[in-house]
1. Assuming PHE481 fulfils every condition listed in (1) surrounded by fewer than 19 Cβ atoms within 10 Å (Cβ to Cβ); (2) out of contact with any Phe, Trp or Tyr (no Cβ under 6 Å at 6 or more places or on another chain); (3) modelled with pLDDT of 85 or more apart from one, which condition is it?
2. ILE278: in the same structural domain as GLY325 (by TED's automatic domain parsing) and touching a Phe, Trp or Tyr at 6+ places or on another chain (Cβ under 9 Å), yes or no?
3. Within region 78-111, track down each residue that is closer than 17 Å to SER150 by Cα, out of contact with any Phe, Trp or Tyr (no Cβ under 7 Å at 6 or more places or on another chain) and surrounded by 15 or more Cβ atoms within 10 Å (Cβ to Cβ).
4. Can you confirm whether TYR76 is over 42 Å from the mean Cα position of the chain (by Cα) and not in a strand (DSSP E or B)?
5. Go through (1) surrounded by fewer than 17 Cβ atoms within 10 Å (Cβ to Cβ); (2) assigned to a strand (DSSP E or B) for SER488 and report which single condition fails.
6. Assess whether GLU71 counts as being assigned to a loop (DSSP other than H, G, I, E, B) and not assigned by TED's automatic domain parsing to the domain that holds GLY325.
7. Would you check if there is a residue in region 435-444 being among the β-branched types (Val, Ile, Thr) and not assigned by TED's automatic domain parsing to the domain that holds ASN389?
8. Going through PRO452, PRO463 one at a time, which residue ends up being within 58 Å of the chain's Cα centre (by Cα), free of Cβ contacts under 8 Å to residues at least 40 places away in the same chain and buried (at least 17 other Cβ atoms within 10 Å of the Cβ)?
Amino acid sequence: MYRGKGKLFFSLFAVCMLLTVAGAAYSDDSEAATDMSGTSLNVIYDANKSIELNASSSTTLSFFVYNGYAENVVAYVAANSNNDSTKVNTSTAPIELVKGENTSIKMTVTADRYAHQGNYSVTLSFKIYKGSDPAFLEQGTYDFPLHVMSNLSSDKYNKFLGFFDNTYTGVMGNIWFTAAVSFLGLLAIGYAVMFVAVPVCSRIVMKKDDPQRKTLKKLLYRLCQVIVWLWVIGQVFRILGADEELIDLINRLFYLAYVVVGIIVGWQLYKLIVDTLISKAASRVGDYNLNDTEADIESFRPLFLYIGEIILAIVGTMLIMSLLGFNLAAIITSAGLVSLGISMGAQDVLKQFFSGLEILATRPFKKGDLIAVGADAMVYRVRRVNVMNTILENWDNTDVFVMPNSLITTNKIRNITRETLISKVYLTVDIAYGSDVNLARKLMQEAATENPHVISDGSVKRPYTRLEAFEDSNLLIKMGFYVDEYGSQWAICGQIRQGIIAKFAANGISIDYQQIVIHDAKNPETREGAAKTADDSE
């Protein structure tokens with residue numbers, strides 16, 4: 001029983017609410033309907049409601065027109081505003097108004113960037129013609145209230161510091177006196193903030209013992225002075241009630257200087273964060289049992305710095321172009337097409353750039369490593385890794401090679417330093433025919449084993465020799481052995497050769513060499529000697 005009464009109660013309550021809302025809606029429509037002067041049309045719009053519009057923006061307004069004529073009519077609509085910096089657009093096509101019905105009409109109101117703040121009106125003009133007969137019937141107008149808002153306009157006119165009204169009379173009540181006092185006061189406030197903010201900012205983004213800290217402070221002081229002066233001048237012009245175009249120009253310069261300072265401070269702060277994170281990671285390498293060394297962790301620094309430079313350059317460029325009034329959406333769209341053309345015409349440059357990022361990210365080698373690239377047998381020492389290329393040097397530091405990064409990433413890289421510094425070396429010696437080959441081989445192995453850099457502990461193959469070839473006038477013996485330092489292999493071979501010479505001399509083994517005898521055909525003695533030598537050879 002109670003449930004049935006409850007349902008009935010809620011049903012009646014819902015019906016009452018619907019009737020109330022419907023009645024309110026009907027009441028609002030009737031109150032909003034306003035006769036259009038000179039016609040039998042009614043504009044259904046709240047006359048007390050203004051069209052709110054910000055400078056450099058637009059809004060579209062929809063309203064209804066009720067046809068109170070006894071027949072269908074055709075209306076031509078035109079619109080304008082009493083504000084020169086505001087434009088109103090409506091459809092230029094004829095609008096058919098059905099007798100006794102409402103017709104929806106739209107108009108778009110646009111205020112330019114320098115629209116002055118204030119209250120205005122938009123006037124809608126109707127020229128009405130009979131629907132069946134195109135004869136002119138009558139003409140009427142309707143005014144919509146318009147309120148334009150602009151951040152270039154303000155209520156700072158003739159106010160000290162832009163906040164306190166100038167209530168003085170005479171000379172002190174003049175607007176120029178207000179501007180002069182405000183100029184000095186705002187300048188003092190700006191410099192006070194600058195002298196506090198710059199040292200604090202320098203301490204945050206750079207270490208105390210950093211030699212670049214003083215340079216950064218000087219640069220920030222100069223840029224901040226520009227910002228302070230632009231800000232003060234902008235505020236003074238507002239107090240003087242200057243034109244919006246002039247205030248906008250000063251605002252753009254102010255924000256441009258602000259962006260430059262922000263980029264400089266952001267870059268220093270970014271470098272500080274990168275250095276701090278890398279230093280902490282490098283100091284805790286041992287805690288995580290990683291194979292990387294501190295130098296390996298620190299090799300990430302150039303990569304992060306390059307990424308930061310790219311991001312700051314893109315963000316800074318977009319902000320500056322936006323402040324200069326460029327349409328970023330159109331620029332980004334155009335940039336996509338331009339980048340496509342650039343990528344087609346500059347494939348090699350882009351390939352080198354991304355190859356450099358790949359090297360910095362994957363770290364196949366670092367500064368000081370010994371590497372071999374591709375099928376090239378030459379071994380290089382890495383001097384520096386750049387985004388576009390890698391600087392390499394030879395062993396004697398006499399030749400420097402600039403190798404494109406794309407050439408490195410597309411070839412097999414052998415990192416000798418990471419593999420092992422142990423290197424296999426071959427050495428050959430010529431001995432005369434008739435020499436004791438086995439003794440010579442034994443002496444060569446002894447000379448190699450006695451060198452402290454030759455590995456003979458059994459971890460790798462011990463020094464070994466073999467008779468390599470029968471030459472025209474000598475026997476060629478080849479010896480192979482392992483040394484513990486790749487970079488010193490040539491010096492080690494020289495030391496072993498000296499030991500071989502000493503051992504061969506002590507054991508009567510001669511190192512063969514070619515002898516060339518030249519006979520002068522014009523000299524009788526040498527001619528006879530040559531003939532005798534020829535006869536003996538026969």
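The values are calculated or read from the model by the stated rules, or taken from the named source; none is laboratory data. Treat the numbers as computed from the prediction; the structure is a model and nothing was measured. All Cβ positions, glycine included, derive from the backbone under ideal geometry; neighbour counts span all protein chains shown.
1. (1)
2. yes
3. LYS87, VAL109, THR110, ALA111
4. no
5. Status for SER488: all satisfied but (2).
6. In short, yes.
7. Within region 435-444, one or more residues are among the β-branched types (Val, Ile, Thr) and not assigned by TED's automatic domain parsing to the domain that holds ASN389.
8. PRO463
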